[in-house]
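Report on one structure; see the data block that follows.
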Amino acid sequence: LERSIALLERTPKVLRSLLEDLDSDFINLNEGPDTWSPFDIIGHLIYGEKTDWISRTELILNSNTDKTFAPFDRFDQFEASKGKSIDDLLDECERLREANLQKLLSLNITIEDLDKTGMHPSPGRVTLRELLSTWVTHNLGHLAQTSRVLSKQYKNDSGPWIEYICIKPLINPLSSHCSHC
């Protein structure tokens, strides 16, 4: 749990460091049809902070017998982010993450709590351990996605070095967005 929190608290800082004050045209570029821009990715992370990780954690830990998670709209960020700047989104992401991590710490989760379960609409029964691990890997995946989207903007200018670049452009654009939710 400590290691997970350490990674989760870094995500908004890494994104801010990478994206703050970049040209909005650059921030809104994506990898093609049905793919997400860095702007969209930050909006998606914000929506998750508002509706996913902590609310599902609390549901698993509460004494109610119905532990069914509400469905997650992984495309809500498009409407919710309208009219905002990347700096607005980065500020909101940091604020929400800080509050959610404080809430997570206040729950005083025990080793036994990590094995408690909830019911996800798609994969079914999941443990708190799996939910919290997915929060971390979800964030790291979107950090990698953000880097990939930005790097793709240089693909045509990389010349013969393109074969040596570790973050290759996406081959299947439909897999560029989050499908876990």
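The values are calculated or read from the model by the stated rules, or taken from the named source; none is laboratory data. Since this is a predicted model, take the numbers as computed values, not measurements. Cβ atoms come from the backbone with ideal geometry, glycine included; neighbour counts cover every protein chain shown. Calculation scope for accessible area: heavy atoms of the full protein, side chains included, ligands and nucleic acids excluded. Shrake-Rupley method; radii C 1.70, N 1.55, O 1.52, S 1.80 Å.
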(message) Using the basic label-point model (7 angstrom from Cα toward the beta carbon), what is the E58 to K82 distance in nanometres?
(response) 2.8
(message) Can you pull out the GluC sites (Glu not before Pro) in the range 1-61 whose DSSP state is coil and whose Cβ has at most 16 other Cβ atoms within 10 Å?
(response) E20
(request) Treating each Cα of the chain as an identical point scatterer and ignoring solvent, apply the Debye formula and state log10 I(q)/I(0) at q = 0.13, 0.14 Å⁻¹. (result) -0.70, -0.80
(request) For the range 1-80, take the alpha-carbon Rg, divide it by the Kirkwood Rh, and send me Rg/Rh. (result) 1.06
(request) Just subtract the alpha-carbon distance of K155 and R125 from 0.36 nm times their residue separation and send over the number in nm, one decimal. (result) 6.6 nm
(request) Determine the per residue accessible area of the chain with all protein chains present and a 1.4 angstrom probe, expressed in square angstrom. (result) 55
(request) Using a Förster distance of 30 angstrom, determine the FRET efficiency expected from the C-beta separation of L107 and A144, and round it to 0.05. (result) 0.55
(message) Could you compute how much accessible surface K13 exposes when probed at 1.4 Å, giving the result in Å² to the nearest 10?
(response) 120
(request) Quick one: plug the Kirkwood hydrodynamic radius of the range 55-142 (C-alpha pairs) into Stokes-Einstein at 10 °C, 1.306 mPa s, and report D in µm²/s. (result) 108
(request) List the GluC sites (Glu not before Pro) within the range 84-125 that fall in a DSSP loop (any state other than H, G, I, E or B) and whose Cβ has at most 13 other Cβ atoms within 10 Å. (result) E112
(message) If R₀ is 41 angstrom, what is the calculated FRET efficiency for the pair L22 and L114, using the beta carbon separation as r and rounding to 0.05?
(response) 0.60
